[in-house]
Amino acid sequence: MSVPLDIAALGARAAAMIEELGAISESPDHLTRFFLTPQHRRAADLVATWMREAGLDVSEDALGTVRGHWHPAGPGAPRLLIGSHIDTVAEAGKYDGAMGVVLGILALGIIKKAGLSRPYGIDVLAFGDEEGTRFPTTLSASAAVAGIFAPASLAMRDADGVSYRDALIAYGKNPDDIPAAAYDPNKVIAYVEAHIEQGPVLEADGEPLGVVTAIAGASRLSITVTGEAGHAGTVPMRMRHDALLGAAEMALAAEKIAKADRHGMVATVGRMHIDPGSINVIPSRVVFTLDLRSGSDVSRREALERFEREAHRIADLRGLGVVISAFHEVATVPCYRDLQLRLRNAVADLGHPAPSMPSGAGHDGQAMSKLCPVGMLFVRCRGGISHNPAEYASPDDMGLAAAALVRFIERFQLPQLTDATGGVLT
Ligand code: GLV
Ligand code: MN
Ligand code: MN
């Protein structure tokens with residue numbers, strides 16, 4: 001435990017970097033930065049500059065993931081991966097994703113400057129498609145790194161009809177290179193991510209940092225409800241086949257199913273498209289999304305079946321058609337027990353207890369768990385507010401998190417985990 005740490009300076013630097021990255025947006029009024037856009041390009045270039053300033057070698061893979069490499073034991077040595085994402089939701093906060101990338105670069109910069117040597121290397125990764133807000137693909141950049149990229153993603157289209165494949169080519173990438181983005185599982189030790197908590201628990205506990213036990217599983221559905229367009233002034237209520245009213249009833253059914261669950265299930269209808277979308281026309285077609293999450297995969301799957309039954313019942317009663325398709329499905333991922341202990345010890349070195357907590361939000365660790373053991377550090381979030389411009393983590397807390405990553409690396413002496421007791425800890 002020898003590397004000297006100026007936590008206040010680290011926090012101030014992290015805050016300045018997050019401001020700079022947060023200014024790269026498709027709009028001057030709010031932060032929106034989607035995958036494979038010109039804003040993604042600018043953010044990736046800025047991250048690459050910071051990585052070079054930290055003394056790292058920089059590369060970029062076929063999906064635009066920026067990689068900062070520290071090679072104290074040569075490029076062929078096993079690697080510890082630290083990362084997060086630089087894409088955002090629409091009208092986002094500045095910390096979700098960006099903070100983990102910034103903290104990884106800062107921590108590695110300090111380790112490198114201190115002249116530490118290790119029999120393994122460390123890569124900092126900045127993924128570009130964690131949120132799944134441009135294409136319905138979610139986690140595709142980390143999936144490529146983990147060697148589980150689904151080629152069907154390339155055919156998916158964004159809201160403007162641009163295909164993933166075409167967007168990738170326009171970004172200067174070659175889809176044929178995607179398989180080469182995968183790490184060799186035999187050469188990867190673990191993946192560790194620092195992330196804003198996005199919830200209120202650490203603030204309520206009065207603790208700056210927490211250790212994640214598991215990342216909740218999630219399903220995302222697209223539901224198309226079809227009815228019949230008609231004149232808003234002439235068709236009596238009893239003779240209507242209003243697709244929107246059916247969709248609204250289905251959304252309420254999803255709420256009821258989630259509220260009845262005992263594993264903290266959450267259901268969100270975040271997107272709804274109404275056709276023809278005219279003030280005086282009965283809606284003929286509605287497409288909406290359902291995001292369903294739970295700490296229990298069993299209850300999530302049961303809830304999906306119940307929702308499907310309910311949606312068909314509602315459609316039948318209203319004389320509507322309904323088609324449901326799942327476009328994202330990810331199981332609950334337990335964080336590796338050994339990494340939880342190491343992260344907690346690193347935080348303890350700084351005088352804090354780091355309570356254990358599950359993550360209801362999704363993270364790149366879900367895809368990375370197919371490659372290697374995964375660990376996550378949470379940073380206190382003001383008011384528990386996230387996916388919102390009001391999202392905030394204090395410089396002090398971010399400084400501590402960067403320092404915890406430094407202590408974590410200092411404690412990580414050998415190119416393997418010493419304890420293979422990965423398992424569900426909830
Ligand atoms: C990502 O932020 C998600 O959990 O949707
Ligand atoms: Mn995130
Ligand atoms: Mn997010």
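The values are calculated or read from the model by the stated rules, or taken from the named source; none is laboratory data. Just so it is clear, the structure is predicted and the values come from calculations on it, not from any experiment. Here Cβ is always computed from backbone atoms with ideal geometry, including for glycine, and neighbour counts include all displayed protein chains. To get the accessible areas, we keep the full protein, side chains included, count just its heavy atoms, and leave off ligands, DNA and RNA. Shrake-Rupley method; radii C 1.70, N 1.55, O 1.52, S 1.80 Å.
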(Q) I'd like the residue in segment 263-297 that is crowded, with 18+ Cβ neighbours inside 10 Å and of a type in the set (D, E, K, R) and, out of all such residues, is farthest from HIS328 (Cα to Cα). (A) ARG285
Q: Could you pull out the residue among ALA12, ALA16 that is outside any loop (DSSP other than H, G, I, E, B), open to solvent by 40 Å² or more (accessible area, probe 1.4 Å), in contact (Cβ under 8 Å) with a residue 60 or more places away in the chain and farther than 19 Å from TYR191 by Cβ?
A: ALA12
Q. Quick check, is LEU350 crowded, with 21+ Cβ neighbours inside 10 Å and either assigned to a helix (DSSP H, G or I) or touching a residue at least 12 places away in the same chain (Cβ under 8 Å) (or both)?
A. no
(Q) Suppose the filter is part of a helix (DSSP H, G or I), of a type in the set (Lys, Arg), touching a residue at least 60 places away in the same chain (Cβ under 8 Å) and surrounded by 16 or more Cβ atoms within 10 Å (Cβ to Cβ); does ARG300 pass it? (A) yes
Q. List pairs: first in segment 185-201 and in a helix (DSSP H, G or I), second among the acidic types (Asp, Glu), Cβ under 6 Å, 6+ apart or cross-chain?
A. none
Q | Options LEU405, LEU371, LEU414, LEU343: the member that is away from ligand 1 (no atom under 16 Å from the Cβ), within 17 Å of the chain's Cα centre (by Cα) and touching a residue at least 40 places away in the same chain (Cβ under 8 Å) | A | LEU371
Q | Boolean, SER142 is away from ligand 3 (no atom under 16 Å from the Cβ), polar (S, T, N, Q) and either within 30 Å of SER394 (Cα to Cα) or open to solvent by less than 60 Å² (accessible area, probe 1.4 Å) (or both) | A | no
Q) What residue, among those in segment 214-237 that are open to solvent by 10 Å² or more (accessible area, probe 1.4 Å), in contact (Cβ under 8 Å) with a residue 12 or more places away in the chain and among the polar types (S, T, N, Q), is nearest to GLU305 (Cα to Cα)? A) SER222
Q. Looking at (1) closer than 30 Å to VAL225 by Cβ; (2) open to solvent by less than 30 Å² (accessible area, probe 1.4 Å); (3) at pLDDT 95 or above; (4) part of a strand (DSSP E or B), which is the one condition that is false for HIS328?
A. (3)
Q.
Against the condition open to solvent by 40 Å² or more (accessible area, probe 1.4 Å) and touching a Cys at 6+ places or on another chain (Cβ under 8 Å), how does PRO179 come out, does it pass?
A. no
Q.
Looking at PRO389, PRO358, can you tell me which residue is within 16 Å of ligand 1 (Cβ to nearest atom), modelled with pLDDT under 95 and within 19 Å of the chain's Cα centre (by Cα)?
A. PRO358
Q: Of the conditions (1) within 20 Å of LEU320 (Cβ to Cβ); (2) touching a residue at least 60 places away in the same chain (Cβ under 8 Å), ILE257 clears all except one; give me its number.
A: (2)
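Residue-wise test of (1) outside any helix (DSSP H, G or I); (2) open to solvent by 10 Å² or more (accessible area, probe 1.4 Å); (3) of a type in the set (A, V, I, L, M).
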site	(1), (2), (3)
LEU81	yes, no, yes
LEU103	no, no, yes
ASP123	yes, no, no
GLU131	yes, yes, no
PHE135	yes, no, no
Q | Residue match in segment 379-396 (condition: away from ligand 3 (no atom under 16 Å from the Cβ), acidic (Asp, Glu) and open to solvent by less than 40 Å² (accessible area, probe 1.4 Å)) | A | no
Q: Scan segment 193-223 for residues that are more than 16 Å from ligand 3 (Cβ to nearest atom) and touching a Pro at 6+ places or on another chain (Cβ under 9 Å) and jot them down.
A: VAL201, LEU202, ASP205, GLU207, LEU209, GLY210, VAL211, THR213, ALA214, SER222
